Each structure stands twice: as structure tokens, then as C-alpha cells.
Amino acid sequence: MSSSPTPTFIKEFFQKNSPHLKVKINQPLAPYTSLKLGGLAPVILLPKTTSQLKTAWRLAHQLDLPVLILGSGTNVLISDTGFKGIVILNTIEQITIISKSQKKLETKTSSGTLLSNLVSFSLEKGFKDLLPFFTIPGTVGGAVLNNAHYHQELIGSYITQVKAIDKQGKEHLYSPSQLGFAYDTSRFQKGGELILEAAFKLTQPAEDKKKSLQQLKTYLLERAKTQPTGVYSTGCIFKNLSPEEANKLGLPSYHAGFLIDKAGLKGSRIGGAVISPKHANFIVHRGKATAEDFYRLIQLVKAKVKEKYGCQLEEEVKLIGFEERKNG
Ligand SMILES: Cc1cc2nc3c(=O)[nH]c(=O)nc-3n(C[C@H](O)[C@H](O)[C@H](O)COP(=O)(O)OP(=O)(O)OC[C@H]3O[C@@H](n4cnc5c(N)ncnc54)[C@H](O)[C@@H]3O)c2cc1C
């Protein structure tokens with residue numbers, strides 16, 4: 001008879017094989033997410049160095065349990081029943097300059113680095129290419145996985161290489177043509193690989209730093225004006241449609257938020273999950289929400305938009321721990 005190893009057994013396994021790796025057992029995941037939702041994880045690993053991160057990833061797969069890598073948890077909805085496997089929290093920040101001239105800055109950035117820190121670093125070094133990404137919360141790893149975007153800008157446009165590690169512990173270097181970058185898409189979304197670092201190439205000198213700082217302020221103000229701020233959310237819940245699909249269906253817009261708004265859903269709520277009256281593609285956590293409230297509201301939006309416009313919205317947020325419910 002085989003049964004799942006207990007959290008204590010798993011902790012001992014990691015302590016034996018990687019004595020410096022911090023291990024927590026039976027912890028709620030809510031504090032590690034921007035929604036402040038999510039049930040228990042039997043084991044959370046908290047590596048402090050890249051070497052520990054790689055070891056944690058490799059050993060976790062030896063146990064043959066599901067593995068979840070979390071950056072800042074700003075693009076996940078984790079179920080109230082939690083995640084039944086091993087969670088690795090990636091907060092290792094490191095930015096290395098590969099080359100720098102007046103016209104070009106090339107860096108290698110570890111996946112646990114906050115995207116906003118990379119933007120600040122590159123501006124400090126005199127380059128403004130990444131300014132549009134300053135207000136996106138989360139890590140470089142999360143940004144690579146989703147090809148983070150702001151307006152028409154995609155982070156993938158600035159990436160020249162990504163290093164990742166597969167389940168067997170083998171490292172791979174991927175060039176842009178292998179990364180599968182498109183809107184909200186990269187090769188990493190199929191799972192099975194941990195993004196370790198990304199190389200960026202920046203070519204737009206920030207001749208006028210004052211102007212660049214003003215630009216950052218403009219982005220912040222723009223967010224505050226058009227999106228809910230100061231509340232728990234995951235940013236946009238749904239991906240936009242492709243303009244081609246929207247055109248084919250004769251839709252008034254390809255923006256998911258526009259369609260949700262026109263379906264009359266702004267302000268709709270289930271429990272403590274509420275469709276933001278400010279931006280219909282945001283579901284915010286008001287009062288005492290559960291992940292189940294969010295899940296049900298997401299299903300409701302999909303059904304109503306399908307009924308009105310005949311199109312299928314797809315989640316941008318990653319649903320974790322809802323596998324048995326996907327078609328329910
Ligand atoms: C207020 C708000 C505004 C937002 N605005 C934007 C926006 O304008 N544009 C935009 O694109 N996004 C936006 N987002 C969404 C989110 O910030 C981004 O998707 C971000 O890049 C996620 O990074 P993260 O570290 O939080 O990822 P997490 O939420 O921790 O993880 C997201 C997914 O990536 C996987 N993952 C994370 N790190 C790794 C890694 N190293 N290797 C492999 N897989 C990994 C996780 O397993 C999970 O599936 C917003 C979110 C919020 C809360």
C-alpha cells in the first residue's frame with residue numbers, strides 16, 4: 001500500500017539532503033498571495049540562494065509530489081483547500097551586468113527579483129526601456145511565464161535568453177525563438193520547468209532622468225485612475241481576446257473588461273468577491289471572501305459573457321487547487 005508521505009517526513013527528507021534549506025510545514029498560503037486567499041500547503045520551501053533553489057526543485061521532484069513555484073503570488077487564485085504538494089517560494093534577487101555602454105545595457109536577472117526593482121536598477125544605470133513595467137507587481141519569473149504586458153508593451157521584447165531547469169535537474173538556455181512569447185503566453189505555461197534567470201538587452205538611453213521619473217509617476221497615476229488600488233486583487237482576471245477573434249464574432253471590443261462591463265456585471269458580487277466598479281476585469285477581495293467566492297464569480301462572468309457575446313473568456317490568473325472543478 002502506498003500513501004503520501006507526511007509533512008514531517010518530507011521536512012526530514014529536505015533537512016537531511018539540504019541542511020541549510022528553510023522548510024515550513026502545514027502553513028496557509030494566503031499570506032504569500034496578493035489576494036490573501038489560499039488554504040494550507042503541507043510543505044513550503046524557502047530557499048535563500050540560487051543553489052538552494054535548484055536543490056529544492058530537484059529534490060522536490062524526487063518525492064514525486066506536485067510542485068508549485070510561487071514568486072510574489074500576484075497572479076494566482078489558490079483554493080481554500082490549498083495545494084497538496086510542495087510549494088517553493090522564490091524570492092532570490094540578483095541583477096548582474098553583462099555589458100554596459102552608452103547605447104546598451106545587458107543584464108542577467110534572477111527570477112525571484114521584483115520586476116519593479118529591475119526597472120529601477122536599469123533606470124539608475126541610464127536606460128528607460130522597461131519603464132512601462134514599473135507598476136506591475138511580482139517577480140521576473142512570473143513576468144516571464146506570462147510575458148507581462150502593459151498597454152502594448154510585452155516584457156518578452158527585451159529578453160534575449162532565459163535559463164530554466166527541468167524536473168530532472170537539467171539546465172536549459174532558451175533563445176527568443178524558443179521562448180514562445182506572445183500575448184500572455186510563453187513556453188513555460190505548460191509547466192515542468194523552473195525559470196532561473198532572464199537576460200535583458202536595453203537600448204534606450206534615458207538622457208533626461210527627470211523626464212523618466214515623471215513618466216513613472218504618470219504610469220502610477222494612470223493605474224490609480226483606471227484600476228482599483230489599495231485592495232487585494234490579482235490584476236486582470238481574464239485575458240483579452242485576440243482582435244481577430246473579436247472581429248470575426250463582430251464584438252464591440254476585444255478587451256475582456258469592456259465585454260464584462262457591457263454584460264452589466266460591474267459591482268456583481270458573490271460573498272466577498274466583487275467585480276470592481278472601476279475596472280470590470282478586476283475582481284477584488286472585500287470583507288471576508290473565500291477563494292470559492294472568487295471561483296464562482298469567475299464562472300458566472302464566463303457564463304454571462306458567453307451568453308451575451310458568444311465568446312469564451314479565458315483566465316489570465318492561474319487557478320491552483322481547482323483541478324477537480326475545472327469542468328464543474
Ligand atoms: C494590482 C495588480 C496589477 C497587475 N497588473 C498587471 C499588468 O499590468 N500586466 C501584467 O502582465 N500583469 C499584471 N498583474 C499580474 C501579475 O502581477 C503578473 O502576472 C506578475 O508577473 C506575476 O508575478 P508573480 O511573481 O506574482 O507570479 P506568481 O503569482 O507567484 O505566479 C504566477 C504563475 O507563474 C508561475 N511562476 C512564478 N515564478 C516562476 C518561476 N520562477 N518559474 C516558473 N514558474 C513560475 C507560478 O507557478 C504561477 O503559475 C497585476 C497583478 C496585480 C495584483
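The values are calculated or read from the model by the stated rules, or taken from the named source; none is laboratory data. Here the structure is a predicted model, which is why all the values come from computation and not from measurement. Glycine also receives a Cβ, built like all others from the backbone with ideal geometry; neighbour counts cover every protein chain displayed.
Being within 12 Å of the ligand (Cβ to nearest atom) and closer than 25 Å to residue 210 by Cβ is the requirement here; does residue 121 meet it? The answer is no for residue 121. Just one residue in the set 112, 82, 138, 169 is near the ligand (Cβ under 9 Å from one of its atoms) and in contact (Cβ under 8 Å) with a residue 60 or more places away in the chain; that residue is 138.
For residue 252, the conditions (1) in a loop (DSSP other than H, G, I, E, B); (2) under 23 Å from the mean Cα position of the chain (by Cα) all hold with the exception of (2). Being assigned by TED's automatic domain parsing to the domain that holds residue 203, in contact with a helix residue (DSSP H, G or I) (Cβ under 6 Å, 6 or more places away or on another chain), over 24 Å from residue 31 (Cα atoms) and not hydrophobic (A, V, I, L, M, F, W, C) is true of residue 109. Every listed requirement among (1) within 13 Å of the ligand (Cβ to nearest atom); (2) hydroxyl-bearing (Ser, Thr, Tyr); (3) farther than 25 Å from residue 50 by Cα is met by residue 218 save one, (1). Quick check on the stretch 92-106. Is at least one of its residues within 16 Å of the chain's Cα centre (by Cα) and within 9 Å of the ligand (Cβ to nearest atom)? Looking through the stretch 92-106, none of the residues is within 16 Å of the chain's Cα centre (by Cα) and within 9 Å of the ligand (Cβ to nearest atom). Residues that are in contact (Cβ under 8 Å) with a residue 24 or more places away in the chain, in a loop (DSSP other than H, G, I, E, B) and within 15 Å of the ligand (Cβ to nearest atom) within the stretch 180-205 comprise 181, 183, 184, 186, 192, listed in sequence order. When residue 44 is tested against the conditions (1) at pLDDT 95 or above; (2) surrounded by fewer than 20 Cβ atoms within 10 Å (Cβ to Cβ); (3) among the aliphatic types (A, V, I, L, M), the lone failure is (2). Scanning the stretch 1-51 for residues that are within 20 Å of residue 196 (Cα to Cα) and either touching a residue at least 40 places away in the same chain (Cβ under 8 Å) or of a type in the set (Asp, Glu) (or both) returns 18, 32, 44, 45, 46, 47, 48, 49, 50. Residues in the stretch 141-153 that are without any contact (Cβ under 8 Å) to a residue 60 or more places away in the chain, in contact with a strand residue (DSSP E or B) (Cβ under 6 Å, 6 or more places away or on another chain) and in a helix (DSSP H, G or I): 144 alone.
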